[in-house]
Amino acid sequence: MDKHTNTFFRTSVKEALVIVIVAGCLALLINALRTDGLDIFSGPPSQTDEPTAFSDTGEEQGVARISIEAAINDFEQKTAVFLDARSSEDYALGHIAGAVSFPDRLFDDRIGPFLENTPPEVKLITYCEGERCALSKSLAEKLSLAGYEKVYLLVDGWGQWEKLKLPVEREEE
C-alpha cells in the first residue's frame with residue numbers, strides 16, 4: 001500500500017468510528033427521552049418480573065390472575081376497568097374497547113389523576129401483550145401498593161382478546 005492509500009484508509013476508519021459513536025450517543029439520548037423507551041441499563045429482568053413466576057394459586061405479591069373467560073364476563077357486565085399497560089403507541093394501534101391507556105413506565109405521572117377519579121374498591125384488570133410481558137404485572141403490583149383492593153392480571157390480555165375477536169378500538173390516524 002502506498003502512503004496516500006494508507007492515509008486515506010486511516011482517515012476513513014476514523015470517520016466511520018466517529019459516525020458510529022455519534023449515532024450510538026444519539027440513539028441512547030432519544031431512547032432516554034421517549035416515554036416508552038427501552039430500559040437498557042437495568043440488566044435482564046429478574047425471575048419475579050415474569051408472569052410465569054406466579055404460584056400455582058395464580059397469585060403473587062397481592063396480584064391475582066384472571067382468566068380470559070372471567071375478564072370477558074367483567075367486560076360484558078361492565079364490572080371492571082381495563083388498564084392497558086403497553087406504550088401509548090401500542091394502545092393507539094389497538095386496545096380492548098373502553099380500556100384506559102396506563103403505560104407502566106408512566107405510572108408516576110398518571111397515578112395522581114387516576115386516584116382522584118377511581119375509587120379503591122373498583123375492580124381493575126391490567127393487560128399487555130404476550131405471555132412473558134411483565135408490564136401488566138408491574139402495573140398491577142403498583143396499583144395494589146397504591147391502595148387498590150381488586151387488581152387482576154390478564155396474562156397476554158391483548159393477544160387473547162384479539163385472537164377471540166372481541167371488541168377493540170383503534171385510534172384514528
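Along Cα→Cβ, 7 Å out, is where each label goes; now give me the distance between the ones at Glu162 and Ile30 in nm to one decimal.
Calculated label separation equals 2.4 nm.
Across bins of 5 angstrom width beginning at 0, how are the C-alpha pair distances of the stretch 47-169 distributed, in whole percent?
Reading the bins upward from 0: 2, 12, 24, 27, 21, 12, 2.
If each residue of separation counts as 0.36 nm, what is the full-extension length gain between Leu115 and Glu172 once their alpha-carbon separation is subtracted?
Numbers: separation 57, 0.36 × 57 = 20.52 nm, distance 2.82 nm.
Using 0.36 nm per residue and subtracting the Cα-Cα distance, I get 17.7 nm.
Can you compute the charge dipole magnitude of the stretch 47-169 about its Cα centre, using +1 on each Lys and Arg Cβ and -1 on each Asp and Glu Cβ, nothing else charged? Give it in debye, rounded to the nearest 20. Could you put the intermediate results ahead of the total?
Numbers: 12 positive and 23 negative charges, 37 e Å.
It comes to approximately 180 debye.
Give me, ordered by chain and number, the residues 5 or more places off Arg132 or on other chains with an amide H under 5 Å from its own placed amide H.
Answer set, sorted by chain and number: none.
Pull out the extension gain between Ile19 and Thr5, defined as 0.36 nm times the separation in residues minus the alpha carbon to alpha carbon distance; nm, one decimal. Display every interim value, and only then the final one.
Numbers: separation 14, 0.36 × 14 = 5.04 nm, distance 2.10 nm.
The Ile19-Thr5 span can extend by a further 2.9 nm.
Give me the lysines in straight-line cross-link reach of Lys3: C-alpha distance below 24 Å, same-chain residues under 8 apart excluded.
Lys14
Note down the net charge around Lys142, summing +1 for each Lys or Arg and -1 for each Asp or Glu among other residues with Cβ under 12 Å from its Cβ. Can you show the working numbers first?
Values: positive: Arg105, Arg110, Lys137; negative: Asp104, Asp108, Glu141.
Residues near Lys142 contribute 0 overall.
Under the 0.36 nm per residue contour assumption, what length would be gained going from the current alpha-carbon distance of Ile72 and Glu131 to full extension?
Values: separation 59, 0.36 × 59 = 21.24 nm, distance 1.80 nm.
Net length gain for the segment: 19.4 nm.
If you add up the charges near Leu166, with Lys and Arg at +1 and Asp and Glu at -1, over every other residue whose beta carbon is less than 15 angstrom from its beta carbon, what do you get?
Details: positive: Lys78, Lys163, Lys165, Arg170; negative: Glu69, Asp74, Glu76, Asp84, Glu129, Asp156, Glu162, Glu169.
Charge balance in the 15 Å sphere: -4.
So who's got an amide H within less than 5 Å of the one on Ile125, skipping anything under 5 residues away but keeping other chains? H placed 1.01 Å off N, in plane.
The list, which skips near neighbours in sequence, is Val81, Phe82, Leu83, Tyr152.
Lysines near Lys123 by alpha-carbon distance under 30 Å, same-chain residues fewer than 8 away left out - which ones?
Qualifying lysines at Cα under 30 Å: Lys78, Lys137, Lys142, Lys150, Lys163, Lys165.
Bear in mind these aren't lab numbers, they're just calculated from the coordinates by the rules spelled out. Nothing here was measured: the structure is a model prediction, and the numbers come from that model. All Cβ positions, glycine included, derive from the backbone under ideal geometry; neighbour counts span all protein chains shown.
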